[in-house]
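Engineer: Got a structure here, written out as structure tokens. Questions coming.
Read-outs throughout are calculated quantities, based only on the coordinates presented, and are distinct from any laboratory measurement. As the structure is a prediction and not an experimental result, all values here were calculated from the model. Positions of Cβ are backbone-derived with ideal geometry, glycine not excepted, and every protein chain shown enters the neighbour counts.
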Amino acid sequence: MEHAKVISDGHFSALGMLITDASLSADEPALVECQDGLQWLHRHYLDIDALDGPQREQRGRILGLIDVVHWALRRLPSGLQLALQPGGHAARFLLAVARRQGLSNQQLAAELGTDETEISRVGRKLLSAGVVWRRKEWRQNSWDITPRGRHYLEASGLLPDSTSPEHPAAGHSEERSGDRSAEDAA
């Protein structure tokens, strides 16, 4: 957009989608990057002495998006509010979802050795902290980790080292018995 003489409706639509997706997934780095870019664009319009009608409209739209990003950043849950015990249900829930996205309440309950009511309670807590998100697939919840959740696992040291043989890499949910694939052995 920095090289475009006129910012099209398509550019604004793409920005709106980016801001919405980043807000829903609590992706703070993406929101900060978007805010910086929008502020840079706004400064560009300050350097123009006499804005014509379309330029004034674009500047107004940019200011509106800056406001939306500002409030999206203000409403992000604080990463400091979440302090998971490594062996607790919440940490194990987050690790399970990090390993295999799209798990249902029933699958998580089986994996964690608890009931679906506990999974729902823990899931709501993690959802409000912005580290997971939930989508409905028919009548079942499907859980995914957000960029903030992955960052939390890495920063807190809860994410096992995926290069060590005793921990499967992210995305591998089941240990193979007996033989290992070339990918696992590498």
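Engineer: Calculate, in nm to one decimal, what residue 116 and residue 56 gain on full extension: separation in residues at 0.36 nm each, minus their alpha carbon distance.
Structural biologist: This chain segment gains 16.2 nm when fully extended.
Engineer: Please report the relative contact order for the stretch 15-106, taking Cα pairs under 8 Å with a sequence separation of at least 6, and give it as a percent rounded to a whole number.
Structural biologist: Here the relative contact order equals 29 percent.
Engineer: Under the definition of Cα pairs under 8 Å and six or more residues apart, what whole-number percent is the relative contact order of the stretch 89-156?
Structural biologist: Across the stretch 89-156, relative contact order equals 36 percent.
Engineer: Long-range amide H contacts for residue 141: which residues qualify at under 5 Å (H placed 1.01 Å from N, peptide plane, sequence gap of 5 or more or a different chain)?
Structural biologist: Amide H to amide H, under 5 Å and 5 or more residues apart or across chains, residue 141 pairs with 105.
Engineer: Quick one: length gained pulling residue 71 to residue 136 fully straight, 0.36 nm per residue minus the C-alpha distance?
Structural biologist: 20.7 nm
Engineer: Compute for the stretch 89-156: radius of gyration divided by Kirkwood radius, i.e. Rg/Rh, restricted to C-alpha atoms, rounded to two decimals. Write down the numbers at each step before the final one.
Structural biologist: Details: Rg = 10.7 Å, Rh = 11.6 Å.
Value, to two decimals: 0.93.
Engineer: At 7 Å along the Cα-to-beta-carbon direction for both residue 104 and residue 48, put a label point, then send me their distance in nm to one decimal.
Structural biologist: Result: 5.4 nm between the two label points.
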